[in-house]
1. When you scan the range B:698-736, how many residues do you find that are hydroxyl-bearing (S, T, Y), in contact (Cβ under 8 Å) with a residue 60 or more places away in the chain and part of a loop (DSSP other than H, G, I, E, B)?
2. Using the structure shown, decide if B:K431 is under 30 Å from B:M682 (Cβ atoms) and either open to solvent by 70 Å² or more (accessible area, probe 1.4 Å) or at pLDDT 85 or above (or both).
3. Please determine, by comparing only the residues of the range B:162-180 that are more than 8 Å from chain A (Cβ to nearest Cβ) and in a loop (DSSP other than H, G, I, E, B), which one is least open to solvent (accessible area, probe 1.4 Å).
4. Across the range A:251-263, which residue is nearest to A:R295 (Cα to Cα) among those that are open to solvent by less than 20 Å² (accessible area, probe 1.4 Å) and of a type outside the set (A, V, I, L, M, F, W, C)?
5. Would the range A:8-18 turn up any residue that is of a type in the set (S, T, N, Q) and open to solvent by 10 Å² or more (accessible area, probe 1.4 Å)?
6. Under 8 Å by Cβ, and 6 or more places apart or on different chains, what pairs join a residue from the range B:182-208 that is under 27 Å from B:I863 (Cβ atoms) and more than 8 Å from chain A (Cβ to nearest Cβ) with one that is part of a helix (DSSP H, G or I) and of a type in the set (A, V, I, L, M)?
7. Taking only pairs six or more apart or across chains, which ones have beta-carbon atoms under 9 Å, a first residue in the range B:663-689 that is open to solvent by 60 Å² or more (accessible area, probe 1.4 Å), and a second residue that is hydroxyl-bearing (S, T, Y)?
8. Exactly one of these conditions fails for B:D370: (1) touching a residue at least 40 places away in the same chain (Cβ under 8 Å); (2) assigned to a helix (DSSP H, G or I). Give me its number.
Amino acid sequence: MSLFSFVHTGDIHLDCEFKGISTIDERVGNYLKNATFSSFNNIIQFCIDKKVDFIIISGDLYDSEDQSLRAQLKFLSCMQLLDKHHIQAYIARGNHDSLKGWSADLDFPSNTHFFGGKQVESFTFVKDDIILAKIFGISFLKKDTQENLSICYPKIKNNEDFFSIGVLHCNVGNNKEHESYSPCSVADLKSHGFDYWALGHIHAQTIVNKDPMIVYPGNPQGLNPKETGAKGFMYVSVDKDKRIEPVFFPSDSIRWFINEVSIQSISTLQALKKKLSEVINKNRQEADYRPSICRIILQDRGVIAEYLQRDGYVADLLEDIRIMESDETNFVWVENIYNKTKLEMNKEAIKQQKSFIGDLISMFEKYTSDPALKSQLIQELDALFQSPGGKKYLTPINPDSEEYIELLNQAENYCLNQLQLNPAEPNEELSLI
Amino acid sequence: MKLDEFYINGFGKFHNYKIENIHPHLTILLGPNEIGKSTLMNFIKRVLFGYPDKRSNLNLYPPLDGGKQGGKVIITRNDGQYIIERYAEDKNNVKVVLPNGSLNTLNNISYLVSTITPEVFNNIYAFGLDELQSFETLNSESIKDQLYSAGKGIGHFSLKEFQRTIDDNIGNLFKTTGNKPEINILFSNLKENSRQIHEIEAESTKYKELQTQLEDIIEKIQKEESEKTELRKKVQHATSLKDAWQDFRTRQELYHQLESIPSIENFPDNGVVLLDSALEKQSKYTQSIRVKTDLLNKTQQKISELIINEDLINNRALILELQKGQDQYVSALKDLPLIQQQNNREIEELNTLLKVVGEGWNSENFEEIDTSISNKEKIRTIQKSIEEISTFIQKKENELTSLKKEQNRYQEELEDKKASFNEIKLDFKDKEELSKKQTLLFQLEENLVNWNDKRAEIKTIEEKEALKNLFDEKSSKPENTKLFIHIFFYAITFLSFFGSLFSIITKVPSMAIFIGLFYILSVSFLFFFKKRENDENMEDNTKEPQETSYLSQRKASIASEIETLKEEIRKQLIVFSFRNVPSKTDLENLKYKFRSEFTQFDRKKDLDDQQKKLERLLESKNSELEKILQEKKELEIRLNEAQLVWRTFLEKNKFGPGLSPTALLETFSIIDTALEKKKAIMISLDRIKAMKDSIVKFKEKMKPLLRTLKYKESQTDLISTLERIIEELAVSMNNLSELKAKKVEEKAIYDDLKNTQQDLEKVNLTIQKLLEAGGAVTLEEFYANGKAFLQRKELNSTIQTCDNNIKRIIGEGIQFENFLEELRDTSYEALISNKDDLEEAIDRIEESLNSLKVNQGKFIQEIEQIEKKEESSALRLEKSVNIEKVNIKALEWAKLVLAKSIMKKAIEAYEREKQPDVIKESQRFFSLMTLNKYPYIFSPLNEKVIYIEDDHHNRKEIHDLSKGTAEQLYLSLRFGFIIEFSKNTEPLPIMMDDILVNFDPKRFDACCEAIRMLSKTHQVLYFTCHPDSAKKMQEVVNDSRLIFLEDRFVS
């Protein structure tokens, strides 16, 4: 039987602006601007329904140091609600919402406890006059905190009666996919004798270690097209022998998907539409009938590649699909369709023909592989990428990156398709579309 | 791709015209002028590439000889044979029969005819002398693009056009200056997003300041609210004193009245009312006792008056039973005679019916006849079977009659056919013999035409020779003239020489000068004539022998051909028994005769077929007749069998043999009626018996009753007696009931009387007790005491009401006595004045509060506005979307820029290294055609012009070339393009219309060689009107076929 229970969450990024989406409509816009709040509300409601004893937020509660007032007020109202239900809240600040940033200086209720940034602080959780848990934590003083904060935590003795929890926003094991804030190792954390490490910073839900339990709950709401699948928080119950049972619960109000669709076995555009419709319905089911956003990437070679290269075709396809979804309550918004298909052709054989097309293919190959030619070619993009707007808003293209190769590949496909290298014989089904 | 054959439905002068067996390499189509060579070439072009617009200046070739404009072209490709069919009326749809036999209707067959454009095909693949002679046909943008892009592997796609498209697309996405391209718009939107976000964020910092100001106002409001509450309490108290004043005054007055009324210690509650009620009851009970005693006496008197007959009551059950059977008895007596009469009539009717059934059947035995449904069904089955068979027999007889009529009709028809067959007489043994003769006739006709042509040609040569001879004769004449001129000028020279000498000697200078001048002129003329003569002699020596020998050779050759033809014609004339060369009319008559002979052959064969068919029909009708006769016989046997079954049935059912099934069924119906009758008679007899029994029984029951009641037993009118007895019984029964009721009533009155007497005693006791309780002995004393007690009670009650009112007004928390004390110490006017003062103070505070609350509302509104601002979320989301969008558009732009850049580099490299391939191929042909005089064609980079060079590298431009050489260059360029283009695409057939007419014989031969080379890889159709050219070409290209266009009409 559990002695007490708590919810561990983090990386909520309240009022986040959602990066990497190229198109939205009014309905999706409304969902998105409230998505982080809705998912946080889901967690708060869960705490109330399950009558948990406290909630831990392990950093990045807000999306930016200059936290939006809307985010702060919503958070305040959530804390007031928890207070009514006698649920405590312990909050550490992370790199996104470090103590350096602006705050509206709101009056939080007595259940809300923020960790300071100068040293590790602790709060005691008492129930029926018994100390059940001690929660240790530290907030980021500034965004760029590169020192290992884990070493600041005290050592906990084995025979302590209370359950000890360490709250920290950090990058354990120097995960290269994430910025290296407060880097530390599993061994660092284990050495302190805590029963549970409530970590934040990594957005994918991960149980780093089981004894002691070191947990990243992941973020409760996917924040960009790459953060796909279910997102949520950890519900942890602790029994009198300090045995713990963490369970993941989804809380996202809108879910993200990336669907890579091969056109290899698709012979008509009608069949492609059907396939995309299936993919969208599968997303809907996987999203457990909550609204979702998906990015479709068409790839591989196939007979329909030539048609997909035509100006405006993919845009029309996208429009059609969105129209189909417009009446759905649990809609799947197709954010974009990326056409990475390749024309069905034997480039080597064409090169052997000594035709202009062959020479063109060879030319593209040269500019894909020769470093000197690559840097020469990339300069032709300076007109845009080095313009004031370009410098401010565009991601520069590195000639050694995969992106550059993909770009050249698309340019090549575009040329080959326009040159009508492979004028297909009329296909009844294609012509019908 | 190769042309196999084509069929013209209607096109220009052609209708139902067909060319087949086109050679896969070279086909020479020979025909005189105006036979339609250009028409045929254009037909192929248009079926393959479509019909021109009606508004164009091109010849549309409307079908002048009828038919639907258009037709079919049959081609063979690597994957099999295709039939392409296109008509001008539906020029956008082409019917194509694929090698698998399926028929498709397409609007584009470009994949069959490679990626070539119609313009290129018209100018490079299918051309006549006009196109060849004009360099412009090779110099249009589209042709140049194709010529110079041949071998690029991009079909007719224009690179320039493509580059322009990329440039447009790049410009639509981004420009360094400008605000319309998509990326520029997005940059501008992003700038605006940032500005708006900054504005909202600045507002957020005001939030805390506003909150502090709001808290101050809230504090002031709370303080004034508290003051207001205190004043309100005081006003409330003053109001209470004012409201309680009237009750307080009433209370004081009542206390004063109470002192003047005597005090009665005890008096029963409602004593006066109770006493009044007891006295009223006492009076009511006394009256009631009197009335009830009278009623009891009257009831007892009535009981003693009632009389009852016991005998009647004892026999009540028997009387009632007789009364019940009374109606039945009366009815039996009345109906019995009628029913007996009716029954006798029924018996008579039954006997009559049985007589109809037949002798031997009576009312005792007719029930033995089996009229059951199954037996009737048997009859019907037998009846149906007999009727069916009879119908079939009738049908067969009808069929026999109609069949015999048909036989007769066929026989007559056959006789007619035989007569017609015998009437047709034929001159030939069979159709084959006729066909051979007809072929021979066509050959004769062809030979005659050739013979005439050859004779005409030889005549032309002879004319040329005659002209030459004439010229030779004429040229001999000037020799004499020349001699005469020479002598004349020599004479003049000598005369003038000697004349001038003479003038000098005779010293006449003017004459000497004149004659001297004349001498100089003569000498000059002599010198000029001499020189010209020498030149002419040199020229004649080279020209003459060559021309003369050619004409004579040609003449000899034609003469030999004429001889051969003559011999052949002579043999053919013998076959047709012509003594002389037949006229065209003779030939046409003969052809007509052959055609009608063919028709007769066909007719006779047709009649023979019809006769055989009729004989076969007659035979089949005979066998049909026999079959029907057989079937009829079988049906008659079946009818006899059915009739035997019927007779057996009648015998079994004991009926005579003459009865038909219908008659028997009717008899059965009569028997069913007789059975019904008999059943009714039996029921009637039973009823008569029952009536008689009921009369006897009624009389038997009456006898003992009459005896007991002392009536005479022998009475006849039993019914009247019974009715009297029943009346008497009713009287006795009524009296008995009344007696019982009176007895009960008597007891009830008695009991009631006893109870009333007891109630009266109780009331008397109550009156006594009340008087005692009210402290009185008499009733008057009791009433006076009661009145005083009631007055005191009422005054005390009013005082209590006033106290309650005052208490309700003062509410909780204030002592009643203190409140009364306060009222005693004040006046009403003082109370009013105090209350007004307090209310004024409250109004002042409320005014101040309202002002504070307005300020509070403003601050709250401002704070709420900041709190509710969600635009920042929407704006940041919009900015994020715009950033992603601009990045995607930037990648699109980058793709196009890279595509454009690499494409440009590839084009440059290609032109630099590979472009001259077309030129190289053309050069090979040009060198061959000019007999190696010009081995080089040269095309500088990026210049779409052509130069040629001789073997000494002397460069010439096109306008420097002679007409013939220029044509050879154009032809070479076409051949070069065709070879180069086909390296990457399906080779197409080439059509040329008499293009070699301007070539000298050697270059003609060389061009034939070039065509031979080309025909190895491409099918060539060469249209010409020159038999010599055709012959020459056939000699050079062995693998070829010659088709004479004039003979190919097909009807």
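The values are calculated or read from the model by the stated rules, or taken from the named source; none is laboratory data. Keep in mind it's a predicted model, so treat the numbers as computed, not measured. Methodologically, a virtual Cβ is constructed for each residue, glycine included, from the backbone with ideal geometry; neighbour enumeration extends over all protein chains shown. Remember, those area values only see protein heavy atoms, side chains included, never the ligands or the DNA or RNA. Shrake-Rupley method; radii C 1.70, N 1.55, O 1.52, S 1.80 Å.
1. 0
2. Spelling it out, it is not the case that B:K431 is under 30 Å from B:M682 (Cβ atoms) and either open to solvent by 70 Å² or more (accessible area, probe 1.4 Å) or at pLDDT 85 or above (or both).
3. B:G178
4. A:R255
5. Checked against the condition, which is being of a type in the set (S, T, N, Q) and open to solvent by 10 Å² or more (accessible area, probe 1.4 Å), the range A:8-18 yields no hits at all.
6. B:N193/B:L875; B:Q196/B:L875; B:I197/B:L875; B:I200/B:L875; B:E203/B:I866; B:K206/B:I866
7. B:S669/B:T371
8. Single failed check for B:D370: (2).
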